[in-house]
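Shown below is the structure under consideration.
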Amino acid sequence: MSAIELKQVSKSYREPQSGAEVPVLENLDFSLERGESTAIVGPSGCGKSTLLNLIGTLDRCDSGTISLLGQDVTLISEKEAAPWRASKIGFIFQAHHLLPQLTVQENVLLPTLALPKQDRPSKQQAIDRARELLEAVGLSGRADFRPGQISGGERQRCAVVRALVNGPAILLADEPTGALDEKNAHGLADLLAQLQETAQLALVVVTHDADIARRMGTARTMQAGHLLP
């Protein structure tokens, strides 16, 4: 069973002014197993982020099927998808999206509140998990700091921990090094590769960064809504 499997997936959007339908993805096939990682590269506007949003159940395809961990997510409602997404999928974005009024640890713990009550860990279990992950990425000494008090690289590492706190099987990263300098970008690329291997995640990274693409198990090029062989 593949962790991620897309079959003949198509997605279009309507142009706001003309109302014309603009195809973004066309009859796309894609699969990835747990323990595998891949980078999706290609020019801006080719459909990379749309692909990531569909895998992450943040958007719906027009046709085709998307199966995640054996679950056909094209058939479930948004009400059903939200708690499922919270427990199975982690997201990392170019902008860290940390809440400035919360501490590093409090930001990390936020996704636990989205879990269904029956799956939610106790407060102490969640705190222990957050502290364990913060230590693993070198942020144990920053747990009580606020985002404005730590560096850009540390903020992005905090965002990685937040994505992992619920123990997802699938990790999706959209240009995670795009806002970082070269040194911090290399460090984050190493961290993602290490965490993916340790946790045996299915990791999909959309990136323009050749260095992070090289650190993934495979790299696929997207062009005009198609993944090239």
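The values are calculated or read from the model by the stated rules, or taken from the named source; none is laboratory data. Since we're looking at a predicted model, the values are computed, not measured. Neighbour counts are summed over all protein chains in view; Cβ atoms, including those assigned to glycine, are modelled from backbone coordinates with ideal geometry. Heavy atoms of the whole protein, side chains included, go into the accessibility calculation; ligands, DNA and RNA do not. Shrake-Rupley method; radii C 1.70, N 1.55, O 1.52, S 1.80 Å.
Quick check on segment 6-22. Is at least one of its residues assigned to a loop (DSSP other than H, G, I, E, B), open to solvent by less than 50 Å² (accessible area, probe 1.4 Å), of a type outside the set (D, E, K, R) and closer than 20 Å to L171 by Cα?
no
Kindly state which helices (runs of 4 or more DSSP H) lie completely within segment 95-183 and contain at least 2 residues that are open to solvent by 50 Å² or more (accessible area, probe 1.4 Å) and out of contact with any helix residue (DSSP H, G or I) (no Cβ under 8 Å at 6 or more places or on another chain). So that I can check it myself, show each step before the final result.
Values: elements: 104-109, 123-136, 152-164.
Fully inside segment 95-183 and qualifying: 123-136.
Given the residues A193, A213, A219, which is the only one that is outside any helix (DSSP H, G or I) and not basic (K, R)?
Numbers: A193 fails: outside any helix (DSSP H, G or I); A213 fails: outside any helix (DSSP H, G or I).
Step by step, each of A193, A213, A219 is checked, and only A219 is outside any helix (DSSP H, G or I) and not basic (K, R).
Moving on to the next point. Which of the residues spanning segment 196-207 are in a loop (DSSP other than H, G, I, E, B) and either in contact with a strand residue (DSSP E or B) (Cβ under 7 Å, 6 or more places away or on another chain) or among the β-branched types (V, I, T) (or both)? Please lay out each step first, then the result.
Here is the first cut: in segment 196-207, the residues in a loop (DSSP other than H, G, I, E, B) are 200-201, 207.
Passing the criteria: L201, T207.
Let me ask something else. Before we move on, is A193 in contact (Cβ under 8 Å) with a residue 12 or more places away in the chain, surrounded by fewer than 22 Cβ atoms within 10 Å (Cβ to Cβ) and aliphatic (A, V, I, L, M)? Walk me through it before giving the result.
On the way: in contact (Cβ under 8 Å) with a residue 12 or more places away in the chain: yes; surrounded by fewer than 22 Cβ atoms within 10 Å (Cβ to Cβ): yes; aliphatic (A, V, I, L, M): yes.
It is true that A193 is in contact (Cβ under 8 Å) with a residue 12 or more places away in the chain, surrounded by fewer than 22 Cβ atoms within 10 Å (Cβ to Cβ) and aliphatic (A, V, I, L, M).
Something else now. Please work out which one of (1) among the small types (G, A, S); (2) open to solvent by 50 Å² or more (accessible area, probe 1.4 Å); (3) in contact with a Pro (Cβ under 9 Å, 6 or more places away or on another chain) is the condition A210 fails and give its number.
In the conditions (1) among the small types (G, A, S); (2) open to solvent by 50 Å² or more (accessible area, probe 1.4 Å); (3) in contact with a Pro (Cβ under 9 Å, 6 or more places away or on another chain), A210 misses (3) alone.
Suppose we keep only residues that are open to solvent by 50 Å² or more (accessible area, probe 1.4 Å) and part of a loop (DSSP other than H, G, I, E, B) within segment 58-76. Which one would you say is farthest from Q118 (Cα to Cα)?
From segment 58-76, those open to solvent by 50 Å² or more (accessible area, probe 1.4 Å) are 58, 60, 62-63, 65, 70-71, 75; that's our starting set.
When the remaining residues are screened for being part of a loop (DSSP other than H, G, I, E, B), the result is 58, 60, 62, 70, 75.
Values: L58: 23, R60: 27, D62: 33, G70: 21, L75: 23 Å.
My answer is D62.
When you scan segment 40-57, how many residues do you find that are touching a residue at least 24 places away in the same chain (Cβ under 8 Å) and either within 12 Å of the chain's Cα centre (by Cα) or part of a helix (DSSP H, G or I) (or both)?
The number of residues fulfilling the criteria is 9.
Examine segment 166-186 for a residue that is polar (S, T, N, Q) and closer than 21 Å to I4 by Cβ, and state whether such a residue exists.
First pass over segment 166-186, keeping only residues polar (S, T, N, Q): 166, 177, 184.
After this cut, where a residue has to be closer than 21 Å to I4 by Cβ as well, the list is 166.
For segment 166-186, residues polar (S, T, N, Q) and closer than 21 Å to I4 by Cβ: present.
Would you pick out the residues in segment 2-40 that are at positive phi and either out of contact with any His (no Cβ under 9 Å at 6 or more places or on another chain) or of a type in the set (G, A, S) (or both)? Can you show your working first?
At the first step, the residues of segment 2-40 found to be at positive phi are 8, 19, 27, 35.
Of everything in segment 2-40, those that are at positive phi and either out of contact with any His (no Cβ under 9 Å at 6 or more places or on another chain) or of a type in the set (G, A, S) (or both) turn out to be Q8, G19, G35.
Another question, if that's okay. Six or more apart or on different chains, Cβ atoms under 6 Å: show the pairs whose first residue is in segment 162-173 and under 11 Å from K88 (Cα atoms) and of a type in the set (S, T, N, Q) and whose second is open to solvent by 10 Å² or more (accessible area, probe 1.4 Å) and in a helix (DSSP H, G or I).
What qualifies is N166/S87; N166/P111.
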